[in-house]
């Protein structure tokens, strides 16, 4: 999965650099566990870009994973500024990316970023994920890949996993971000790995990856990433 950056990746990282220099302050209606760095709900866009966005290294990993898998229906819980969403959308332009964001001002910023790239395969779903996700899943979509990076607490993480699992196929992949973010996230990760539908779990420290394909040999892996 190593190699030179694509033109799309260079463009996304150029956009990230612009946000990293943006000192504008916005008010965030944070519905999750909050930030370990900023306790106030008033944060600069540069702080969000630095501390609340998926690192480029992991976004590139997802880019190649989606390309390899040819995932068609992808959901992301926690849009942030949308850099990760852009990577996933560009990995397969025939896929549909449904990204959920609870903070109104962040969702608006992410939408602006999506509009810059004129991508047609991203739909941002705004509002409390505890409300919007069940409504979305009630339509019974078959999810090929899910990226869970929302409320970093035990109960919401387990709930999101189980909800996504109900609409996942035998070959689906579920990714849990920040599995070592806190004791609660560690506990959630260890419980998720034990679910009977999980065949292979991969701990990359940055995130945990769950494979549901029962044809794979049962394994619990810890990899250096």
Across the stretch 134-152, which residue is nearest to residue 171 (Cα to Cα) among those that are surrounded by 17 or more Cβ atoms within 10 Å (Cβ to Cβ) and modelled with pLDDT under 95?
-> 150
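Given the criterion touching a helix residue (DSSP H, G or I) at 6+ places or on another chain (Cβ under 9 Å) and assigned to a loop (DSSP other than H, G, I, E, B), identify the matching residue among 150, 146.
On the way: 146 fails: assigned to a loop (DSSP other than H, G, I, E, B).
Every option except 150 fails the conditions.
Going by what's in this entry, would residue 81 be described as in contact with a helix residue (DSSP H, G or I) (Cβ under 7 Å, 6 or more places away or on another chain), assigned to a loop (DSSP other than H, G, I, E, B) and surrounded by 14 or more Cβ atoms within 10 Å (Cβ to Cβ)? Lay out the reasoning, then the answer.
Values: in contact with a helix residue (DSSP H, G or I) (Cβ under 7 Å, 6 or more places away or on another chain): yes; assigned to a loop (DSSP other than H, G, I, E, B): yes; surrounded by 14 or more Cβ atoms within 10 Å (Cβ to Cβ): yes.
Judged against the criteria, residue 81 is a match.
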When residues of the stretch 189-204 are filtered for being under 19 Å from residue 145 (Cα atoms) and either part of a loop (DSSP other than H, G, I, E, B) or touching a helix residue (DSSP H, G or I) at 6+ places or on another chain (Cβ under 7 Å) (or both), how many remain?
-> 8
Of the residues that sit in the stretch 89-98 and are touching a helix residue (DSSP H, G or I) at 6+ places or on another chain (Cβ under 7 Å) and buried (at least 24 other Cβ atoms within 10 Å of the Cβ), which one is modelled with the highest pLDDT?
-> 97
Inspect all residues belonging to the stretch 164-177 and state whether any of them is out of contact with any strand residue (DSSP E or B) (no Cβ under 8 Å at 6 or more places or on another chain), surrounded by 15 or more Cβ atoms within 10 Å (Cβ to Cβ) and within 20 Å of residue 59 (Cα to Cα).
-> no
Which of the residues spanning the stretch 1-33 are at pLDDT below 60 and either surrounded by 15 or more Cβ atoms within 10 Å (Cβ to Cβ) or assigned to a strand (DSSP E or B) (or both)?
-> 31, 32, 33
Got a number for residues in the stretch 99-121 being surrounded by 19 or more Cβ atoms within 10 Å (Cβ to Cβ), in contact (Cβ under 8 Å) with a residue 40 or more places away in the chain and in contact with a strand residue (DSSP E or B) (Cβ under 7 Å, 6 or more places away or on another chain)?
-> 1
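The values are calculated or read from the model by the stated rules, or taken from the named source; none is laboratory data. No experiment lies behind these values; they were computed from the predicted model shown. Cβ atoms come from the backbone with ideal geometry, glycine included; neighbour counts cover every protein chain shown.
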